[in-house]
């Protein structure tokens with residue numbers, strides 16, 4: 001999934017994943033364009049803080065934030081990516 005971060009500096013990004021038992025979202029990758037030069041401060045899924053290196057990995061490619069989730073989703077899920 002690709003997003004363009006065109007909000008003010010310091011604002012979080014919230015995304016809703018629509019998944020079901022028959023239409024799973026498996027290990028999604030988010031690319032947030034124009035994020036800036038810092039990694040996300042924290043990532044929450046349904047208000048649960050994910051553990052970097054276990055639940056997800058992140059990196060920067062130019063000014064784009066790339067997040068790899070090590071998760072499988074089978075219901076509607078809200079992902080909140082928090083900026084520093």
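The table below lists the values:
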read-out	value
Selected residue (criterion: nearest to residue 19 (Cα to Cα)) from residues of the stretch 68-84 that are under 12 Å from the mean Cα position of the chain (by Cα) and in a loop (DSSP other than H, G, I, E, B)	71
Residue that is farthest from residue 19 (Cα to Cα) [pool: residues in the stretch 38-53 that are in a strand (DSSP E or B) and free of Cβ contacts under 8 Å to residues at least 12 places away in the same chain]	52
Residues satisfying the stated conditions in the stretch 54-67, i.e. surrounded by fewer than 13 Cβ atoms within 10 Å (Cβ to Cβ) and in a strand (DSSP E or B)	59, 61
Selected residue (criterion: nearest to residue 73 (Cα to Cα)) from residues of the stretch 12-38 that are crowded, with 16+ Cβ neighbours inside 10 Å and within 14 Å of the chain's Cα centre (by Cα)	25
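Throughout, read-outs are computed from the coordinates displayed, never taken from laboratory work. Since the model is a prediction, treat every value here as computed from it, not as a measurement. Positions of Cβ are backbone-derived with ideal geometry, glycine not excepted, and every protein chain shown enters the neighbour counts.
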